[in-house]
Amino acid sequence: MRIVIAEDAVLLRAGLVRLLTDAGHEVVAETDTAEGLVKAVEGHHPDFALVDVRLPPTFSDEGIRAAVLIRSAHPQVAVLVLSQYVEERYASELIASRREGLGYLLKDRVADVEQFLESVQTVGSGGTVLDPEVLTQILVRSRHRNDMELLSPREREVLGLMAQGLSNASIAANLYLTESAVEKHIGSIFAKLGVTSETGNRRVLAVLKYLGYSDHSL
């Protein structure tokens, strides 16, 4: 296959080039930026792109955002994301769009060279290779979102004020409700989120679910 590589760690990138070349592939371009990756795909029309999630300048999610763009603009290019962590938002978007010719592996869980090269071949042939940890985190994120979406707009307002540390009386004053009404909303929130008296401090657990949902919704 004709491959482009986007990896900012010089030694790792050199190792990947040597590894893939020795396996019979042709590395047509290598870069350390997301912009360079997109340009390489547009200029070389490769069969395969190997992409790190974190690339300059911010080292946050530039690489995987570029992967999403490539999957949309160049659907014939297989993409394997190789990362140190799961970027849940864009990983979900990648998987939801089309699973053919897609891989997402965690660097510290790639056990050996043969396993890695087999994954490259599988993805390049139109298959899918996903690290189990990637699927686990995406499913957890999806479950949190589904739970939160069960809440009514008023219940989300109440939970948001709970997250700020407000008491029932303060929540009632902020929303122009009676304390009895606030208590009913909170009871409904606990029920919908599956937070029972057996699971510990229900108020804290409900707020943790809210904060997890808010973080993933940014």
Review point. Among the candidates Leu166, Leu151, which residue alone is modelled with pLDDT of 70 or more and either open to solvent by 70 Å² or more (accessible area, probe 1.4 Å) or touching a Lys or Arg at 6+ places or on another chain (Cβ under 9 Å) (or both)?
Key: Leu151
Check your understanding: Does Val27 satisfy being at pLDDT 95 or above, touching a helix residue (DSSP H, G or I) at 6+ places or on another chain (Cβ under 8 Å) and not aromatic (Phe, Trp, Tyr)?
Key -> yes
Point to revise | Count - residues of segment 62-119 that are touching a Phe, Trp or Tyr at 6+ places or on another chain (Cβ under 9 Å) and farther than 12 Å from Asp52 by Cα | key: 8
**Study point:** Failed condition for Phe59, given (1) modelled with pLDDT under 90; (2) within 14 Å of the chain's Cα centre (by Cα)
**Key:** (2)
Check your understanding: What residue, of Val41, Val17, Val51, is of a type outside the set (Phe, Trp, Tyr), under 20 Å from Gly103 (Cα atoms) and within 21 Å of the chain's Cα centre (by Cα)?
Key -> Val51
Point to revise | Any hit, segment 104-114, residues being at pLDDT below 90, among the charged types (D, E, K, R) and either at positive phi or in contact with a strand residue (DSSP E or B) (Cβ under 8 Å, 6 or more places away or on another chain) (or both) | key: yes
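The values are calculated or read from the model by the stated rules, or taken from the named source; none is laboratory data. Since we're looking at a predicted model, the values are computed, not measured. Don't worry about glycine lacking a Cβ; one is built from the backbone with ideal geometry, like all the others, and counts go over all protein chains shown. Ligands, DNA and RNA are excluded from the accessible area calculation, which covers all protein heavy atoms including side chains. Shrake-Rupley method; radii C 1.70, N 1.55, O 1.52, S 1.80 Å.
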